[in-house]
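Colleague: One structure, pasted below without further comment.
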Ligand SMILES: Cc1cc2nc3c(=O)[nH]c(=O)nc-3n(C[C@H](O)[C@H](O)[C@H](O)COP(=O)(O)O)c2cc1C
């Protein structure tokens, strides 16, 4: 069995990466508990890969064409995209940057999703358990007001069209800097952030672990 965890953020040791590590653990534990002998949980750091977004070449839609349903661009996504489409489950994770997932994740999804999109018909992509994890400075109240209709709903309906309804995990009020005293900031109170980190983030990690368990169960 193959699982893909796609990190759309640049940082390897901060909230987004930590949450994905917990998803990894949840999948690993659940599959091991069910005596699944062979499985791979592949974590992909998009910022380590060299690629751009869709170029609108439409080879993926050309009737009878060599690349129908595939993205023909020869770069670091050429071999990865089919592996994700053939996998058993996929999890995307991204910090919110300016009210959206990162540009890196958007460019990646243009390539992953558009090649399987058929105008006016079902996607060519195979349905599979899938999830999106967002991390952000915003509180739940702020995110509900600002991002529900502009980000969460449209993003998740794009995932649903392709892979089926995604699980959605939203992680609010994250701890952004290693040391708040070193960076200019008049908005966030370091003590409040530290409190959230200490009291809420462990619950968030637990939610990510449980998400991994659920995804693994869905594949059995
Ligand atoms: C360029 C940039 C833009 C950001 N824009 C937003 C935003 O629009 N809304 C928000 O809530 N947080 C925003 N943030 C904060 C990040 O989403 C938040 O710190 C996130 O948890 C970072 O994930 P990481 O710690 O895994 O890197 C932004 C951060 C950066 C660096």
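Computed from the coordinates by the stated procedures, all read-outs in this text should not be read as laboratory data. Owing to the predicted nature of the structure, the values given are computational and were not obtained by experimental measurement. As a convention, Cβ positions derive from the backbone with ideal geometry for all residues, glycine included, and neighbour counts pool all protein chains shown.
Colleague: Is there any pair linking a residue in segment 172-201 that is over 24 Å from residue 145 (Cβ atoms) to one that is in a loop (DSSP other than H, G, I, E, B) and away from the ligand (no atom under 14 Å from the Cβ), with Cβ under 8 Å and at least six apart or on different chains, and which?
Modeller: If the second residue must be in a loop (DSSP other than H, G, I, E, B) and away from the ligand (no atom under 14 Å from the Cβ), no pairs are left.
Colleague: Now for a different question. Looking for whichever is in a loop (DSSP other than H, G, I, E, B), out of contact with any strand residue (DSSP E or B) (no Cβ under 7 Å at 6 or more places or on another chain) and in contact (Cβ under 8 Å) with a residue 24 or more places away in the chain here; the options are 75, 29. Which one fits? Don't jump to the end; show me each part of the working.
Modeller: Numbers: 29 fails: in a loop (DSSP other than H, G, I, E, B).
Just one listed residue meets the conditions, 75.
Colleague: Hey, among the residues in segment 78-93 that are outside any strand (DSSP E or B) and over 18 Å from residue 50 (Cα atoms), which one's nearest to the ligand (Cβ to nearest atom)? Talk me through it step by step, then tell me what you get.
Modeller: Residues of segment 78-93 that are outside any strand (DSSP E or B), as a first pass: 78-88.
Retained after the next criterion (residues that are over 18 Å from residue 50 (Cα atoms)): 85-88.
Working: 85: 26, 86: 28, 87: 23, 88: 25 Å.
Top of the filtered list is 87.
Colleague: Within segment 144-220, which helices (runs of 4 or more DSSP H) (wholly inside it) include 3 or more residues that are under 23 Å from residue 130 (Cα atoms) and in contact with a strand residue (DSSP E or B) (Cβ under 8 Å, 6 or more places away or on another chain)?
Modeller: Details: elements: 153-163, 190-199, 201-219.
Helices (runs of 4 or more DSSP H) meeting the threshold: 153-163, 201-219.
Colleague: In segment 130-147, what residues are touching a helix residue (DSSP H, G or I) at 6+ places or on another chain (Cβ under 7 Å) and crowded, with 21+ Cβ neighbours inside 10 Å?
Modeller: In the first step, residues of segment 130-147 are kept if they are touching a helix residue (DSSP H, G or I) at 6+ places or on another chain (Cβ under 7 Å); the result is 130-133, 135-136, 138.
Matches in segment 130-147: 130, 131, 132, 133, 135, 136.
Colleague: Mind listing whichever residues of segment 94-120 are assigned to a loop (DSSP other than H, G, I, E, B) and within 16 Å of the ligand (Cβ to nearest atom)? Please lay out each step first, then the result.
Modeller: Of segment 94-120, the ones assigned to a loop (DSSP other than H, G, I, E, B) are 96, 98-99, 101-102, 115-120.
Residues satisfying the conditions are 96, 98, 99, 101, 102.
Colleague: If a residue has to be loosely packed, with under 10 Cβ neighbours inside 10 Å and under 17 Å from residue 4 (Cα atoms) to count, how many in segment 32-46 make the cut?
Modeller: Residues of segment 32-46 loosely packed, with under 10 Cβ neighbours inside 10 Å: 35, 37-38.
Of the ones still in play, those that are also under 17 Å from residue 4 (Cα atoms) are 38.
Summing the residues that are loosely packed, with under 10 Cβ neighbours inside 10 Å and under 17 Å from residue 4 (Cα atoms) in segment 32-46 gives 1.
Colleague: Here is a follow-up. So residue 51 passes all but one of these: (1) more than 19 Å from residue 102 (Cα to Cα); (2) out of contact with any strand residue (DSSP E or B) (no Cβ under 6 Å at 6 or more places or on another chain). Which condition number does it fail?
Modeller: Condition (1) is where residue 51 drops out.
Colleague: Somewhere in segment 48-68, is a residue in contact with a helix residue (DSSP H, G or I) (Cβ under 9 Å, 6 or more places away or on another chain), free of Cβ contacts under 8 Å to residues at least 12 places away in the same chain, within 22 Å of residue 201 (Cα to Cα) and surrounded by fewer than 17 Cβ atoms within 10 Å (Cβ to Cβ)?
Modeller: no
Colleague: Which one is nearest to residue 73 (Cα to Cα), of the residues in segment 1-20 that are surrounded by fewer than 17 Cβ atoms within 10 Å (Cβ to Cβ) and away from the ligand (no atom under 11 Å from the Cβ)?
Modeller: Among residues in segment 1-20 that are surrounded by fewer than 17 Cβ atoms within 10 Å (Cβ to Cβ) and away from the ligand (no atom under 11 Å from the Cβ), the one nearest to residue 73 (Cα to Cα) is 2.
Colleague: Among 184, 126, which is within 18 Å of the chain's Cα centre (by Cα) and exposed (fewer than 14 other Cβ atoms within 10 Å of the Cβ)?
Modeller: On the way: 184 fails: within 18 Å of the chain's Cα centre (by Cα).
Exactly one of 184, 126 is within 18 Å of the chain's Cα centre (by Cα) and exposed (fewer than 14 other Cβ atoms within 10 Å of the Cβ), namely 126.
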